[in-house]
1. Just a yes or no: is a residue in the stretch 323-338 under 30 Å from Met298 (Cα atoms) and in a helix (DSSP H, G or I)?
2. Determine which member of the set Ser102, Ser116, Ser129, Ser134 is over 27 Å from Val324 (Cα atoms), part of a loop (DSSP other than H, G, I, E, B) and of a type in the set (S, T, N, Q).
3. Would you confirm whether any residue within the stretch 465-485 is within 29 Å of Met127 (Cβ to Cβ) and among the β-branched types (Val, Ile, Thr)?
4. Failed condition for Glu66, given (1) of a type in the set (Asp, Glu); (2) modelled with pLDDT of 95 or more; (3) outside any helix (DSSP H, G or I), with all others met?
5. Can you find a residue in the stretch 416-428 that is assigned to a loop (DSSP other than H, G, I, E, B), of a type in the set (Asp, Glu) and surrounded by fewer than 24 Cβ atoms within 10 Å (Cβ to Cβ)?
6. Condition first: part of a loop (DSSP other than H, G, I, E, B), of a type outside the set (Ser, Thr, Tyr) and crowded, with 17+ Cβ neighbours inside 10 Å. Now tell me which residues in the stretch 351-408 satisfy that.
7. Restricting attention to the stretch 429-447, and to residues there that are closer than 18 Å to Val214 by Cβ and not hydroxyl-bearing (Ser, Thr, Tyr), which single residue is surrounded by the fewest Cβ atoms within 10 Å (Cβ to Cβ)?
8. I'd like the full set of residues that are charged (D, E, K, R), more than 19 Å from Met438 (Cα to Cα) and either in contact with a Pro (Cβ under 7 Å, 6 or more places away or on another chain) or not in a loop (DSSP other than H, G, I, E, B) (or both), limited to the stretch 256-302.
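The values are calculated or read from the model by the stated rules, or taken from the named source; none is laboratory data. What you see is a predicted model, and the numbers here were worked out from it, not measured in a lab. Glycine gets a Cβ as well: all are built from the backbone with ideal geometry, and neighbour counts include every protein chain shown.
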Amino acid sequence: MELTKLTALELGTAIRRGEISPEEAVRSGLKAVSARDGALNSFITLTGETALEQARRMRPGADAGESPLYGVPMGFKDNICTKGVRTSCASKILGDFTPPYSAAAVERLTAAGALSLGKLNMDEFAMGSTSETSCFGPVKNPWDPGRVPGGSSGGAAAAVAAGEVWYALGSDTGGSIRQPAAYCGVTGMKPTYGTVSRYGLIAYASSLDQLGPVARSAADCAAVLDIIAGRDRRDSTCLETAAGFLSGLTGDLRGKRVGLPVQCFGEGLDGAVRAAVLAAAEVLKSRGALVEEFSLPMLDYGVPAYYIIASAEASSNLSRFDGVKYGWRAEGCRDLTELYTRTRTQGFGTEVKRRILLGTFVLSAGYYDAYYKKALQVRALIKAAFDGAFRSYDLLLTPVTPASAPRLGESLSDPLQMYLSDIYTVPVNLAGLPGLSMPCGFDGQGMPIGAQLIGPLRGDLAVLDAAHAFQLETDYHRQTPRGGDTP
């Protein structure tokens, strides 16, 4: 049995049937990490020995826990707090910070029998679209190590695509789950804002951040969401959400209305991406959906509004990192002001400092009304535009990115181009909607292409079900990179 070819649910089923033990599953994942991660750099911290110890204590076969993912190895993005395990946000300034508590989602997955192989690499403080800004070095795309895996959850997507873990937990502020999922040929879900507790997620932009799963299939994502969704008293924005995402998957799209925003298929979109996403629309039609084009002009304002709001919130959230309470600090400082200045100057990377400066500027006296307030107004208009669209359509279908994965270094030399790669994903975060990236084809160089399904507020099941229907008809989600077999 080629374990790395299995979906998370298939591996979970094999464990429950007693065909394989959790310890064997962990050893298979660690073997893949040993063989591949030297080239990919997906992991920052490995916790394989701990996972093996936990696996040996787990109940085998049919006596396993209730979760269908019991005993399945996975990983956490390194901005998610894990008690007793270094959590660095891929930044020098956090150093060897080891949280004294775990995030709510970590608690729930651990209770359900998840076995974490470690913490996954990312863009520093989740600020980036390529996973190249990490102080631990860039993550490489398993389909072509000369290309980026996307960001900021690049380590999560690369590890799943390479068969190192069967699913991962990432965070999505403006596309940070969906974009790397598209670049790496896996499935990634950003739930409705508030579906998953943000307790224990180190904040980038608090009104936009949301935790979500990265896995091979939509069904895997549904199973993870069943575990991590639901109210948490430690996060006041968290919604009351009943489980049932996995059991609710039918694959029946008869009568479902799917809209294609024409603004997402115009100038700037690579031809191979356009063809693959439109082909995905035809597959949805074959499953019974009614698909048509419509206009959603407010999407054009998503990127500028997002980068003003996200940078402003980052400026506020990252002010706590000063070298005093925890993390790395500059040595030899003569006074507190010098300590703050040198610690933040030397501890933060270039992209993080760029966004802090931008956010501080738009919040400053004289510019608040001109920039930040207007961005909030645009955000409200974007949300209203989506509300209007969902009065006519059950779901929207768009590309995830304008093109497939760029080469390493290309985006860092042109930050504006990197920001524009988020053009199809950031409006979803501004409106708090659920969005999912599913693999739908390949370009001429053999690189994966992703299609994005967007649903109305709390329409997470509809999004997952549409992706599930697509994956019942196609096998893109089962394709693995060259050299992706178990070593």
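1. Let us first name the residues in the stretch 323-338 that are under 30 Å from Met298 (Cα atoms), namely none.
Checked against the condition, which is being under 30 Å from Met298 (Cα atoms) and in a helix (DSSP H, G or I), the stretch 323-338 yields no hits at all.
2. Values: Ser102 fails: over 27 Å from Val324 (Cα atoms); Ser116 fails: part of a loop (DSSP other than H, G, I, E, B); Ser134 fails: over 27 Å from Val324 (Cα atoms).
None of the others qualify; the one that does is Ser129.
3. Our first condition is that a residue be within 29 Å of Met127 (Cβ to Cβ); within the stretch 465-485, this holds for 467, 477, 481.
Among the residues that remain, those that are also among the β-branched types (Val, Ile, Thr) are: none.
No, the stretch 465-485 has no match at all.
4. Evaluating Glu66 over (1) of a type in the set (Asp, Glu); (2) modelled with pLDDT of 95 or more; (3) outside any helix (DSSP H, G or I) leaves (2) as the failure.
5. If we filter the stretch 416-428 for residues that are assigned to a loop (DSSP other than H, G, I, E, B), which is where we start, we get 421-425.
Filter again for of a type in the set (Asp, Glu), leaving 422.
Now restrict to residues that are surrounded by fewer than 24 Cβ atoms within 10 Å (Cβ to Cβ): none.
Within the stretch 416-428, none of the residues are assigned to a loop (DSSP other than H, G, I, E, B), of a type in the set (Asp, Glu) and surrounded by fewer than 24 Cβ atoms within 10 Å (Cβ to Cβ).
6. Step one: filter the stretch 351-408 for residues part of a loop (DSSP other than H, G, I, E, B), giving 364-367, 390-394, 400-406, 408.
Checking which are of a type outside the set (Ser, Thr, Tyr) leaves us with 365-366, 390-391, 394, 400, 402-403, 405-406, 408.
Result: Phe390, Asp394, Val400, Pro402, Ala403, Ala405, Pro406, Leu408.
7. Taking the stretch 429-447 as the starting set, the residues that turn out to be closer than 18 Å to Val214 by Cβ are 429, 434-440, 447.
Narrowing the set further to residues that are not hydroxyl-bearing (Ser, Thr, Tyr) leaves 429, 434-436, 438-440, 447.
On the way: Asn429: 28, Pro434: 27, Gly435: 30, Leu436: 30, Met438: 31, Pro439: 30, Cys440: 29, Met447: 21.
So, considering only residues that are closer than 18 Å to Val214 by Cβ and not hydroxyl-bearing (Ser, Thr, Tyr), the one surrounded by the fewest Cβ atoms within 10 Å (Cβ to Cβ) is Met447.
8. Quick first cut of the stretch 256-302, residues charged (D, E, K, R) only: 256-257, 267, 270, 274, 282, 285, 287, 292-293, 300.
So of that shortlist, the ones also more than 19 Å from Met438 (Cα to Cα) come out as 267, 292-293, 300.
The answer is Glu292, Glu293, Asp300.
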